[in-house]
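This is the structure I have questions about; it appears just below.
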Amino acid sequence: MLALRRSTCGLTRDRVVELVGLALCLSLCSLPALSQEGSPPLASEASLTVNTGKAETSQFKRYLTINGTVNAWQDVVIAPEVGGYRVEDVLVDVGDVVKAGQPLVKLSTAILATDLAARDAALKQREAEATNAELALQRAKTIAEKDLLSTADLDRLNSEALGARARLDAAKADLDAARVRMQFATVKAPDDGIITTRTVTVGQLAQAGGEMLRLLRQSRVEWRGEVPETSLPSLQVGQTVLITSVDGSEHSGTIRVVSPTVNANTHNGLVYVDIPGSPALRPGMFARGRIEYTESEALLVPLASLVSSDGYNYVFIVEADHTVRRQLIQTGVLQGNNIEVLDGLKSGENIVINGAGFLKDGDLVNVVTTSAGAR
């Protein structure tokens, strides 16, 4: 019995040792592998794969982008210079291209023709009166030389001759005025251009100075944009402006005038830009203008690397241990797919380009290197 008990206890101790060893082995195998001190984490431990690149300094063209409208260079109001006459015919319509001196509207000339005939008859009468007065004066002078006519009578005849000539001149002026009014019965184009507005109709009674038509003079348009007062000194006559219309088409223009004054309420000044005539640029249309005014070196980062939060802009800087640090930056002018960084970032720092929007401060990332410079 004693021998059997010893044998059983011996087997029990060996079994216990074996079980303890097996349990210890299983515990060690279940622990995660320890990285060597100072070595970067394994890629498999990263939460996100991102593209990174170094922030680089490059040549940067500064543009001023402003909004504005297309306007007529000169919008000419066409109106009759005589009034009270019926509109007999309208020879043009909106959209017609006209030449200087081309007839546009005709007024009734019946009354004008009668008045012209009356003025002509009055002129002939005054001519006869002036002739008679002149002949009488000449006869009086001959008689006066023989001392057969008093000085008073000679002065009277001289005065009558002067009055007759004055009345003759007035009659000539009246006839000229009647002829001019007759010419004004046909309203003509003051210059080349396009008819943009028509308010006149056949049969209406024309009023002197009342608008009948509007003319886009020389078919010429311009773009006017509001420029902040701080940017006005950077603009000069002759600078090129790229105008983008509402349909996305681009047109090259040239600054004609930079406003010498600034609006006291908005603190903006106007810039006037000559642009080529195009169906895509019609007076009244909205258009955006871009003016290049300087070129210098600047630190640029892709827009994709930018993360906005609470009104501030950030980028994520990749540290040596593959963790990211959120960095506040001050941005400047936008150029294409890149934006200028004024403060908060140094040239050469490694930043996250794609995937920044999914990160938070301290995240571990798997890095794929690209270029962060302007592209």
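Contact list please: Cβ distance under 6 Å, first residue in the range 168-193 and under 21 Å from Lys99 (Cα atoms), second residue of a type in the set (Lys, Arg), pairs at least six apart or on different chains.
Thr186/Lys106; Asp191/Arg217; Asp192/Lys99; Gly193/Arg217
Checking Glu340 against (1) in a loop (DSSP other than H, G, I, E, B); (2) acidic (Asp, Glu); (3) surrounded by 13 or more Cβ atoms within 10 Å (Cβ to Cβ), only one condition comes out false. Which one?
Failing condition for Glu340: (1).
Just checking, does the range 325-345 include any residue being of a type outside the set (Val, Ile, Thr), in the same structural domain as Glu226 (by TED's automatic domain parsing) and without any contact (Cβ under 8 Å) to a residue 24 or more places away in the chain?
no
Which condition number does Ser305 fail, the rest of (1) within 27 Å of Thr69 (Cα to Cα); (2) touching a residue at least 60 places away in the same chain (Cβ under 8 Å) being met?
Checking Ser305 against (1) within 27 Å of Thr69 (Cα to Cα); (2) touching a residue at least 60 places away in the same chain (Cβ under 8 Å), the one that fails is (1).
Hey, any hits in the range 174-185 for a residue that's over 39 Å from the mean Cα position of the chain (by Cα), of a type outside the set (Lys, Arg) and in a loop (DSSP other than H, G, I, E, B)?
For the range 174-185, residues over 39 Å from the mean Cα position of the chain (by Cα), of a type outside the set (Lys, Arg) and in a loop (DSSP other than H, G, I, E, B): present.
Can Ile143 be described as touching a Phe, Trp or Tyr at 6+ places or on another chain (Cβ under 9 Å) and of a type outside the set (Lys, Arg)?
Here the answer is no, as Ile143 does not meet what is asked.
If you don't mind, there's one more thing I want to ask. Which one of these is under 23 Å from Met212 (Cβ atoms), modelled with pLDDT of 95 or more and in contact with an Asp or Glu (Cβ under 9 Å, 6 or more places away or on another chain): Val98, Val92?
Just a single option satisfies the conditions, and that option is Val98.
Listed here are the residues, each with its yes/no results for (1) in contact (Cβ under 8 Å) with a residue 60 or more places away in the chain; (2) among the β-branched types (Val, Ile, Thr).
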| residue | (1), (2) |
| --- | --- |
| Arg86 | yes, no |
| Val90 | yes, yes |
| Val98 | yes, yes |
| Gln102 | yes, no |
| Ala117 | no, no |
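Quick one: which strands (runs of 3 or more DSSP E) lie wholly within the range 219-294 and hold at least 2 residues that are surrounded by fewer than 17 Cβ atoms within 10 Å (Cβ to Cβ), of a type in the set (Val, Ile, Thr) and touching a strand residue (DSSP E or B) at 6+ places or on another chain (Cβ under 8 Å)?
240-245, 250-258
The values are calculated or read from the model by the stated rules, or taken from the named source; none is laboratory data. None of the values given here were measured: they were computed from a predicted structure. So basically every Cβ, Gly included, is an ideal-geometry build from the backbone, and we count neighbours across all protein chains shown.
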